[in-house]
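Presented below is the structure to which this report refers.
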Amino acid sequence: ACPDAELDVFSSMQVYGVSEADDRAQFAAIYDRARQPGVTLVGSVPQLELARRLQDARVLAYPNHYAETFCIAAAEAQAAGCAVVTSALGALPETVGAGGVCIPGSPGQADYRDRFVEACVALLRDDHHWHTMSARAVAHAAARYAWPDIAAHWESLCTAALRRDTPEFERVAGH
């Protein structure tokens, strides 16, 4: 559907302290499947390089099967203007918000895979759709993940905790 599309994979188990040899041995089948035209297995890169390379990407395709508690990769991709296509699992719907597409189900299911591919293809082929989603992604990241806003929110929570007179403190404390 998108013959000129390229897939760059920025992933490896080395970020978790696994040696390159053990990483290759454990995930050889996946890495072998990445050896095809249009796919580049980049591996892990420093954060600044990843941020720069995300600015050249259109979509963060992240068919996740793990219940993320936040997902920094999605937030950083959105800040760079990438539309995120991922799973509706864990905190991903909240993290991604209107700046992406969260697919219900499991990446192992055929229906999930079909909807995932459809969402990615739509963003790659329809410039208007992608521009809309990209703008939403940037706005979502700017509104929720900019350090001044995060600091102001935490300052507000801490001040409220000292006063103990706010419903939000009671809600946060209850969790």
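The values are calculated or read from the model by the stated rules, or taken from the named source; none is laboratory data. Everything quoted here is computed from the prediction, not taken from an experiment. We place every Cβ from the backbone using ideal geometry, glycine too, and count neighbours over all the protein chains shown. Keep in mind that these areas ignore ligands, DNA and RNA; they rest on the heavy atoms of the full protein, side chains included. Shrake-Rupley method; radii C 1.70, N 1.55, O 1.52, S 1.80 Å.
Note on segment 56-78: among residues that are of a type in the set (A, V, I, L, M, F, W, C) and closer than 15 Å to V9 by Cβ, the one that is least open to solvent (accessible area, probe 1.4 Å) is A77. Would you be able to tell me the number of residues in segment 56-78 that are part of a loop (DSSP other than H, G, I, E, B) and either touching a strand residue (DSSP E or B) at 6+ places or on another chain (Cβ under 6 Å) or within 22 Å of Q109 (Cβ to Cβ) (or both)? So the answer is 7. Which one is surrounded by the most Cβ atoms within 10 Å (Cβ to Cβ) among residues in segment 124-161 that are more than 28 Å from C102 (Cα to Cα) and modelled with pLDDT of 85 or more? Only one residue fits best here, namely L157.
When the residues of segment 31-40 are filtered to those that are in a loop (DSSP other than H, G, I, E, B) and more than 19 Å from V85 (Cβ to Cβ), the one that is least open to solvent (accessible area, probe 1.4 Å) is Q36. Consider segment 3-30 and keep the residues that are aromatic (F, W, Y) and at pLDDT 90 or above. The one that is surrounded by the fewest Cβ atoms within 10 Å (Cβ to Cβ) is F27. The conditions of being among the charged types (D, E, K, R), under 15 Å from S11 (Cα atoms) and assigned to a helix (DSSP H, G or I) are met by R24. Residues in segment 97-123 that are in a helix (DSSP H, G or I), surrounded by fewer than 17 Cβ atoms within 10 Å (Cβ to Cβ) and not β-branched (V, I, T): A98, A110, D111, R113, D114, R115, E118. Apart from one condition, G81 fits all of (1) modelled with pLDDT of 95 or more; (2) part of a helix (DSSP H, G or I); (3) surrounded by fewer than 23 Cβ atoms within 10 Å (Cβ to Cβ); the exception is (2).
Total residues in segment 4-52 satisfying the condition of being free of Cβ contacts under 8 Å to residues at least 24 places away in the same chain and among the hydroxyl-bearing types (S, T, Y): the figure is 3. Residues that are open to solvent by 70 Å² or more (accessible area, probe 1.4 Å) and either in a loop (DSSP other than H, G, I, E, B) or on the phi > 0 side of the Ramachandran plot (or both) do occur in segment 43-55, at least one of them.
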